[in-house]
Amino acid sequence: MITFKRPDGSTVEAYLAEPANTQQTNAQQAPGIVVIQEWWGLDDEIRSVADRLAKAGYRALVPDLYRGKLALEAKEAEHLMGDLNFGDAASQDIRGAVQYLKSTGSAKVAVTGFCMGGALTVLAAGLVPECDGTVVWYGYPPLEYVDAQAIQKPMLAHWALHDEFFSIAGVDQLEQKLKAAGVNYDFQRYDAKHAFANPKSDSRHLPPLQYNSAAADLAWERTMAFLKTQLS
C-alpha cells in the first residue's frame, strides 16, 4: 500500500503493483494503469487484476475509494456505492492516481475499471486530462453526466448483452453520444451477463452475475492489445 495526493492536497491510500520483470532499467519507467474497483471495494479480486497487469509489464495502482471499507454482500456494496461522490472520485481520487504514476516515472497512464469502476472510468475519460486512454468494463454513469466533448483519448469498452445492472440500450445511447462528439472509441459486446470477467462472480450467489471464461479471455486479449498500442 502507498499513499498519494489528490489535486486538492488530501491523501488517498492505494494498492500499487509494480512489474517484477521488465526490460527497462527502472521498473518505474513502465507505463501505468489506474485500476478502479467494483462496488465491493478494494478486495482481493481487484488486487489480482493489478497483479495481472504488473506481470504484463505495467505499473498498476488501485486507489481505495471506500477508504478501507469492504462489502461482502450486495446490500453493503450498494450502501457504500451510494455514499460515494462519483464526481469527486473521478476528478480527485482517479486524477490524483494518474498524476502520481506520471510524477513517479510512467510517461503514459491509462484508466480501467469494472462495474462501478467502469462508470467511474467513463467519467474519468472526460475529467482526467492527463489520462492517455481508458478501458471500461460493463459500467456507465447516468448519461447526462458524460461530457463526451471532453473525452480526447481513445476508449475501449466491454459490455454484456444480458446485463441487468447496465442495460445494453443505455450502452447504445452512450455510443451515440460518443460518436456525435467524434470520440475515438471501440465498443465490444459479449453474449454474457454482468461481471463476466470476475472469476468470483458465481460465488456471490447473485443471479445477475455470471463468470464467462470465453468472454473474459477475449476481452482481456483485446484489452492488452489496446494498452500496448496506447501506452507504448
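Put in line by how crowded their Cβ is, counting other Cβ atoms within 10 Å and starting with the fewest, His79, His158, His194 read His79, His194, His158. Enumerate the helices in the chain for which the Kyte-Doolittle hydropathy averages -1.0 or more and the C-alpha atoms extend at least 20 Å along the helix's axis, using complete DSSP H runs. TM-like helix candidates: 213-231.
Neighbour counts of C-beta atoms inside 10 Å place Thr104, Thr112 in the sequence Thr104, Thr112, starting with the fewest. A protection proxy built from the mean count of other Cβ atoms within 10 Å ranks the segments 83-95, 171-183, most packed first, as 83-95, 171-183. Keeping to pairs on different chains or 8 or more places apart, tell me how many lysine pairs in segment 2-231 have Cα atoms under 14 Å apart. Summing the qualifying lysine pairs gives 5. Ranked by the mean number of other Cβ atoms within 10 Å of their residues, highest first, the peptides 96-103, 8-15 fall in the order 96-103, 8-15. Semi-axes, largest first, in whole Å: what does sqrt of 5 times each Cα gyration tensor eigenvalue give for the chain? Semi-axes from the Cα gyration tensor: 24, 20, 19 Å. Dimensions of segment 1-96 from C-alpha coordinates, computed as largest minus smallest value along each principal axis and given longest first, are 45, 30, 17 Å. The distance linking segment 148-201 with segment 83-122 is 18 Å (Cα centroid to Cα centroid, whole angstrom). Among beta bridges from DSSP that stay inside segment 2-231, the antiparallel ones total about 25%.
Database remark: amide H of Ile36 closer than 5 angstrom to the amide H of Thr112, Gly113, Phe114 (H placed geometrically; neighbours at sequence offset of 5 or more, or on other chains; Pro and chain starts carry no H).
Taking each DSSP H run with n ≥ 4 as -39500 (n - 2.57) and averaging over every residue of the chain yields -10000 deg cm²/dmol at 222 nm.
Values quoted throughout were computed directly from the atomic coordinates according to the rules given, and no laboratory measurement underlies them. Everything quoted here is computed from the prediction, not taken from an experiment. Don't worry about glycine lacking a Cβ; one is built from the backbone with ideal geometry, like all the others, and counts go over all protein chains shown.
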